[in-house]
Amino acid sequence: LVAFEQVILTRTTEDNRELRRLLEGSRISCVEHPSVAFRWLPDSEKQISETLNSKKVDVCAFTSRRGVQGISKQLQEFIARETCIAAVGHATAKAVKELLGRDPDTVPAEQTGEALARAIIAKPDQPSVVLHLCGKRVNPVFAELLAAAGMRVIRIPIYENIEPEVLPPEIVKSSIVIVSSGTAVDRFLRNNDVRAKHLAFVAIGDVTGDYL
């Protein structure tokens, strides 16, 4: 990235914080242009409580850091105490450690929903019920693989991504854009149109790279 005059960050300010600190520490200019914002879904807490009270949940699976952040302290403590925990990648595992007070039981080497599903399937004591706490829009592969292995998947969306109202960034000639989802790619290209043809892109994750 040091070869570029400017790095355009398309995640939320919170998600960009550590990366921006590292880039600016290397004297790389950063511009924030969030292509994704989010809002919490109001009924999710009640749904999770009812599910945990009425069913024996073997594994609670998180496929994003926000899924961990969006539940109450009381539910975090219950999940940490009563279930096995599966996290899709290092950032989500870190959130589990910080908020639930312990490390996840399962974290796949490859940070994808498919890899997480296969890691759960490979557990010696194969679970029967998996509670998936996630965003409103998810890749169906995770649930499909678990269902094909005979597990019941209960998916409860905690948040949904929305499009923020932002002005197009001031783009210098030598700029590179960092994107972390297909949604971010779509919105950045739509909002910046022809100007984006002169930009380089970096994708966070193989799924986003394939989409880009």
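The values are calculated or read from the model by the stated rules, or taken from the named source; none is laboratory data. All values derive from a computational prediction rather than experimental measurement. We place every Cβ from the backbone using ideal geometry, glycine too, and count neighbours over all the protein chains shown. We work out accessible area using only protein heavy atoms, side chains counted, and drop any ligands, DNA or RNA first. Shrake-Rupley method; radii C 1.70, N 1.55, O 1.52, S 1.80 Å.
GNM on the chain, alpha-carbon springs under 10 angstrom: the most fluctuating residue among Leu52, Leu146, Leu131 is Leu52. Sequentially through the stretch 61-77, phi angles give Karplus couplings (6.51, -1.76, 1.60; θ = phi - 60°) of 10, 10, 10, 6, 5, 5, x, 6, 5, x, 10, 5, 4, 4, 6, 4, 5 Hz, Gly and Pro residues having no value and appearing as x. Determine the sum of side-chain charges near Ser26: Lys and Arg each +1, Asp and Glu each -1, restricted to other residues whose C-beta is under 15 angstrom from that of Ser26. So the environment of Ser26 carries a net charge of 0.
Ranked by the mean number of other Cβ atoms within 10 Å of their residues, highest first, the peptides 81-88, 203-210 fall in the order 81-88, 203-210.
A cut-off under 15 angstrom between Cβ atoms defines the neighbours of Val59, and their net charge, with Lys, Arg +1 and Asp, Glu -1, is +3. Other residues whose C-beta falls under 14 angstrom from the C-beta of Glu98 contribute a net charge of +2, scoring Lys and Arg +1 and Asp and Glu -1. The alpha-carbon atoms of the chain define a convex hull whose volume equals 123 cubic angstrom per residue.
Within the listed set Ser49, Ser181, Ser64, the residue fluctuating most in the Gaussian network model of the chain (springs between alpha-carbon atoms under 10 angstrom) is Ser49. What a 1.4 Å probe finds exposed on the stretch 1-146 is 49% carbon and sulfur by accessible area, rounded to a whole percent. To the nearest 20 debye, what charge dipole does the chain have about its Cα centre, counting +1 at the Cβ of each Lys and Arg and -1 at the Cβ of each Asp and Glu? Taking the Cα centre of the chain as origin, the dipole is about 120 debye. Distant-in-sequence amide contacts of Glu32, defined by a placed amide H-H separation under 5 Å and a gap of 5 or more residues or a different chain, comprise Leu9.
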